[in-house]
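Report on one structure; see the data block that follows.
The values are calculated or read from the model by the stated rules, or taken from the named source; none is laboratory data. This structure is a prediction, so every number in the text was calculated from the model and none was measured. Counting neighbours? That spans all protein chains shown, and the Cβs are built from the backbone with ideal geometry, glycine included. Ligands, DNA and RNA are stripped out before the accessible areas are found, and what is left, the full protein with its side chains, is counted by its heavy atoms. Shrake-Rupley method; radii C 1.70, N 1.55, O 1.52, S 1.80 Å.
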Amino acid sequence: MELSDFLRAIFALALTLGLVGLAAVALRRYGPDAMARLAAQKKDRRLRVVESLVLDPSRRLIIVECDGRQRLVLLGEGRVLDELKTPDAN
């Protein structure tokens, strides 16, 4: 192996590590939060997840609000457990 081949390999390694480091810095700065801000958000959405709770690796409880009504849903078994009243409903 000649010296020029060795230097070329070292330069390629340094360039690759530099690009990986640059990508890591960019992901920290412009990560998922920045991508969510760039996405156009609709203001008239009918469905939203209010809260989520992991029970075990295969099941999760979520509170879903649709058209002003909240429902408690057990994911993993896919059934509605109970309907919750909205805080402003009397």
Selected residue (only one of ASP67, ASP88 is exposed (fewer than 11 other Cβ atoms within 10 Å of the Cβ), at positive phi, of a type in the set (Asp, Glu) and modelled with pLDDT under 90): ASP67
Can you name the residue in the stretch 1-35 that is among the hydroxyl-bearing types (Ser, Thr, Tyr) and surrounded by 10 or more Cβ atoms within 10 Å (Cβ to Cβ) and is also modelled with the highest pLDDT among such residues? THR16
Subset of the stretch 37-59 that is open to solvent by 80 Å² or more (accessible area, probe 1.4 Å) and within 19 Å of ARG69 (Cβ to Cβ) - its residue that is modelled with the lowest pLDDT: ASP44
